[in-house]
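Below you'll find the structure, written out as structure tokens, and then a few comments.
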Amino acid sequence: MQKVTLFLLLMSLSVFSQKIHFTGKIVDKETQKPVVYANVSFLKINKGISTTQNGTFDLKIDKKLLNQQIHISCLNYKDTVVFAHQLQKSILFLQPKAVELDEIKISRRVDRELVVDRYRRKHIKGTFGGRKSFPWIVTKFFKYKNEYKNTTYLKEITVYFGALLFRKKSTFRIRLFTIDTLTGKPFKDMLSDNLIVLTKKVNGKIKIDVSKFDVEFPINGFFVGLERLHIPDNFYKETYTMEGSKKKYKTTRVAPSFGAVYMKNIGIWMYSKGKWRKHNFNHSNFFKGNSIVPAISLTLSN
């Protein structure tokens with residue numbers, strides 16, 4: 001009788017924890033072309049994935065999660081929420097947003113530059129990275145100052161990384177947001193172009209030329225967002241040990257690992273699962289009373 005009971009218990013556990021491949025494809029509703037690097041996240045748990053170059057995704061999940069809602073987001077497209085089973089082995093047609101074209105501008109001669117928040121390796125005190133869970137955007141706010149009045153155009157963005165970034169190449173997306181003056185949170189995208197960045201195994205930072213976009217520094221300030229993409233090329237295995245233990249553990253992490261610096265009394269906005277949330281990473285003695293923000297520098301020009 002005990003053997004039968006044990007057998008039934010094991011059967012029940014295997015049914016309730018059955019693992020499946022959650023797969024699907026996301027395409028543009030108007031052009032029928034694949035939507036590249038769209039983020040697909042479960043709303044109630046920390047699990048998600050990004051679409052690949054052909055608009056597909058593949059995520060291993062518990063079968064019962066097919067009854068959960070998922071949030072799909074991508075630059076230039078309307079956020080969409082559906083149940084996972086509606087997308088399972090199916091195609092989702094994502095509705096593009098209406099994009100207003102900017103007026104044509106005459107090219108400017110650059111003869112003056114100013115660097116905002118220049119960092120060195122010694123300034124990097126932490127990282128925004130971690131284990132494979134769900135896609136997110138972490139932002140840094142840049143406040144307008146009078147000293148920028150002669151160099152108001154954004155020429156270059158420099159992103160610094162953690163020491164372990166260059167195990168492999170990785171891909172992420174740069175986002176620029178205006179500020180909602182009522183709530184202080186990121187508001188509208190300032191770029192309609194997909195600014196995809198491919199890192200190389202060179203050093204601990206990368207410079208992105210954005211001069212072609214003619215972005216002028218808003219008087220109210222703006223956010224630079226670093227969007228982590230959960231695509232297969234960004235995943236890597238890591239073996240580690242816990243402090244005080246010799247036992248080795250294995251985990252899957254997501255590159256890149258964005259560098260972080262200390263700042264006083266600064267909260268940062270992060271986007272995930274369809275919402276902006278403000279975080280203050282100063283609750284631990286590890287940060288010694290400081291907050292951490294992404295290590296990002298700007299080069300301004302006239």
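Some points to look at:
- Listed here are the strands (runs of 3 or more DSSP E) enclosed by region 239-279 that have at least 2 residues being modelled with pLDDT of 75 or more and loosely packed, with under 10 Cβ neighbours inside 10 Å: 248-254.
Table: residues versus (1) hydrophobic (A, V, I, L, M, F, W, C); (2) at pLDDT 95 or above; (3) under 23 Å from residue 119 (Cβ atoms).
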| site | (1), (2), (3) |
| --- | --- |
| 163 | yes, no, yes |
| 188 | no, yes, no |
| 198 | yes, no, yes |
| 203 | no, no, yes |
| 225 | no, yes, yes |
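- Restricting attention to region 129-161 and to residues that are in contact with a Ser or Thr (Cβ under 7 Å, 6 or more places away or on another chain) and among the aromatic types (Phe, Trp, Tyr), the residue that is farthest from residue 296 (Cα to Cα) turns out to be 134.
- From 79, 62, residue being in contact (Cβ under 8 Å) with a residue 60 or more places away in the chain and among the charged types (D, E, K, R): 79
- Looking only at residues of region 280-298 that are farther than 30 Å from residue 69 by Cβ and of a type in the set (A, V, I, L, M, F, W, C), we find that the one that is modelled with the lowest pLDDT is 286.
- Scan of region 189-235 for residues that are assigned to a strand (DSSP E or B) and under 16 Å from the mean Cα position of the chain (by Cα), ordered by number: 189, 195, 196, 197, 198, 223, 224, 225, 226, 227, 228, 235
To keep it simple, each residue is scored yes or no on (1) modelled with pLDDT under 95; (2) assigned to a strand (DSSP E or B); (3) in the same structural domain as residue 171 (by TED's automatic domain parsing); (4) crowded, with 17+ Cβ neighbours inside 10 Å.
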{"residue": "9", "(1), (2), (3), (4)": "yes, no, no, no"}
{"residue": "13", "(1), (2), (3), (4)": "yes, no, no, no"}
{"residue": "44", "(1), (2), (3), (4)": "yes, no, no, no"}
{"residue": "82", "(1), (2), (3), (4)": "no, yes, no, no"}
{"residue": "85", "(1), (2), (3), (4)": "no, no, no, no"}
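- Neighbours by Cβ (under 6 Å, 6+ apart or cross-chain): first from region 178-201, among the acidic types (Asp, Glu); second surrounded by 13 or more Cβ atoms within 10 Å (Cβ to Cβ): 180/187
The values are calculated or read from the model by the stated rules, or taken from the named source; none is laboratory data. Predicted, not measured: the structure shown is a model, and the values here were computed from it. Methodologically, a virtual Cβ is constructed for each residue, glycine included, from the backbone with ideal geometry; neighbour enumeration extends over all protein chains shown.
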